[in-house]
Amino acid sequence: QVQLVESGGGLVQPGGSLRLSCAASGSTSSINAMGWYRQAPGKQRELVAVITRAGTTSYADSVKGRFTISRTSAKNTVYLQMNSLKPEDTAVYYCKAVGGGYYWGQGTQVTVSS
């Protein structure tokens with residue numbers, strides 16, 4: 001089992017920045033990849049960014065060049081640095097881990113508004 005705890009959400013003005021954190025605990029050695037998803041009101045949950053065990057990253061087209069996913073050397077904490085935020089980035093952001101199963105965090109709200 002893997003437990004995920006997200007933090008770092010909040011309210012930010014357009015053009016601002018936030019950094020989300022996702023701390024994994026439990027059977028972290030089984031994790032093959034971790035990623036961030038988001039779900040806006042009335043919309044389906046969508047992939048934002050993912051990082052594999054090998055360190056390969058990929059991003060949704062809508063966030064390329066603005067968001068960066070990274071992790072600690074111990075690979076048990078993943079970050080999402082979000083720059084140049086737009087109102088359309090407003091959503092609940094969820095952390096997901098894959099490895100021996102699929103695990104989700106509880107979500108953290110990000111609101112981009114003036």
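The values are calculated or read from the model by the stated rules, or taken from the named source; none is laboratory data. Computed from a prediction, not measured in an experiment: that's the story for all the values here. Every residue, glycine among them, receives a Cβ derived from its backbone with ideal geometry; neighbour counts consider all protein chains shown. In case anyone asks, the SASA skips ligands and DNA or RNA and just uses the protein heavy atoms, side chains included. Shrake-Rupley method; radii C 1.70, N 1.55, O 1.52, S 1.80 Å.
Shown here for the range 1-89: chymotrypsin sites (Phe, Trp or Tyr not before Pro) in loop regions (DSSP other than H, G, I, E, B) with at most 10 other Cβ atoms within 10 Å, of which there are none. For the range 99-111, putting each phi into the Karplus relation 6.51 cos²θ - 1.76 cosθ + 1.60 with θ = phi - 60° gives couplings of x, x, x, 10, 10, 10, x, 7, x, 9, 7, 10, 10 Hz, in residue order, rounded to whole numbers and with x for Gly and Pro. Within the straight-line cut-off of under 26 Å between alpha carbons, the lysines reachable from K86 are K43, K64, K96, sequence neighbours fewer than 8 places apart in one chain being disregarded. Accessible surface for the range 1-94, divided over its residues, is 52 Å² per residue with a 1.4 Å probe.
Taking the accessible area of the range 1-94, probe 1.4 Å, and keeping the other protein chains in place, the carbon and sulfur fraction comes to 48%.
Farthest towards the positive end of the charge dipole of the range 55-114, among the residues T108, Y59, Y93, is the Cα of Y59, using unit charges on the Cβ of Lys, Arg, Asp and Glu.
Across the chain, the mean sequence separation of Cα contacts (distance under 8 Å, 6 or more residues apart), normalised by length, yields a relative contact order of 37 percent. Using the Cα gyration tensor of the range 1-50, with a ≥ b ≥ c the square roots of its eigenvalues, what is the shape: rounded (a/c below 1.5), prolate (a/b larger than b/c) or oblate (neither)? Taking the square roots of the gyration eigenvalues as a ≥ b ≥ c, the range 1-50 is prolate. Mean sequence separation of contacting Cα pairs (under 8 Å, at least six apart), scaled by the length of the range 63-114, corresponds to a relative contact order of 28 percent.
From the Cα gyration tensor of the chain, with a ≥ b ≥ c the square roots of its eigenvalues, which class applies: rounded if a/c is under 1.5, or else prolate if a/b is larger than b/c, or else oblate? Prolate, because a/c is 1.5 or more and a/b exceeds b/c. Summarising the amide proton neighbourhood of T90: residues at separation of 5 or more, or on other chains, whose placed amide H is nearer than 5 Å comprise V112. 3J(HN,Hα) along the range 80-87: 10, 8, 10, 10, 6, 5, 10, x Hz, from the Karplus curve 6.51 cos²θ - 1.76 cosθ + 1.60 with θ = phi - 60°, whole Hz, x for Gly and Pro.
For the range 1-24 versus the range 47-114, the inter-centroid distance based on Cα atoms is 8 Å.
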